[in-house]
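What follows is one structure encoded as structure tokens, with my remarks underneath.
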């Protein structure tokens, strides 16, 4: 079995593949000061709940935007799995997806992984949106090139900044959007601003990116498809007119594809 791990600033997402089938995935909080031993206890507990043993893992592939996580997961893999993990780096995946950034090393590993997974599935020009700690927009050409993108503060970061800076505004839970854009009380007004506002941001950014991509027939001869992933993708997709597909396992699938491609060489 293949263990894939995506380390984000807010969450770590783990998945176990049997061949091309995702058996199970989990989302846990990113804790920067944990230890390899503590991570082992957590992983064993998650695995055992689904009848999976650590000894079942034959290989590991990891993407991370959190540098302190690297030595922790390295030690966990080598100590408890007897495996050296494959770490996804922009330089290592250029053969799978050319990176047309001015400095390819600056691109977050998760953004490239998402692009590879989405292009592998749809084989057309794409805009991939990931709702994580930051909301990222990534443009993929018809030829499968990573063109670049945009980064904006994530919904939860925006919410936290609002609550911290405006002392009279209450914290709100964002499980579902309000029925109306025009809120009739403070809580619904905040929800509307955060949810409908971010949906409008998404639609505006997508429209501008599509226009820019379609100016160049070498980039896109047809309207790019819009794919969303990340923790709040489903919620925002209900309010957005531009998101066509939500794929919550996109990053994990990308890690599987990269592992298969690089480890088979």
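Any read-out appearing in this document is the output of simple, stated calculations on the displayed coordinates, not a laboratory observation. All figures in this text were calculated on a predicted structure; none of them were measured in a lab. All Cβ positions, glycine included, derive from the backbone under ideal geometry; neighbour counts span all protein chains shown.
Things worth noting here:
- Shape category assigned to segment 2-87 from the gyration tensor of Cα positions, a/c cut at 1.5: rounded
- Nearest-0.05 FRET efficiency for residue 168 and residue 22, computed from C-beta distance (R0 41 Å): 0.35
- Its residues counted as N, segment 131-265 yields a C-alpha radius of gyration over 2.2 N^0.38 Å of 1.23.
- Normalised Debye scattering of segment 104-173 at q = 0.23 Å⁻¹ gives log10 I(q)/I(0) of -0.92, counting only Cα atoms as equal scatterers and leaving out solvent.
- The tail of the calculated P(r) for segment 49-163, taken as Cα-Cα distances beyond 20 Å, holds 53 percent of the pairs.
- With both labels modelled 7 Å from their Cα along Cα-to-Cβ, the residue 214 to residue 35 distance reads 5.7 nm.
- Choice from 92, 237, 64 showing the highest fluctuation, given a GNM over the chain with Cα pairs closer than 10 Å: 92
- Under a Gaussian network description of the chain, with springs only between Cα atoms under 10 Å, the residue in 169, 126, 46 that fluctuates furthest is 169.
- A Förster radius of 25 Å, combined with the Cβ-Cβ distance separating residue 9 from residue 87, puts the computed FRET efficiency at roughly 0.90.
- Mean-square fluctuations from a GNM of the chain, with a 10 angstrom spring cutoff on Cα atoms, peak among 188, 130, 25 at 188.
- Ranked by the mean number of other Cβ atoms within 10 Å of their residues, highest first, the peptides 96-103, 248-255, 140-147 come out as 248-255, 140-147, 96-103.
- Whole-Å distance, taken between Cα centres, linking segment 51-92 and segment 100-156: 23 Å
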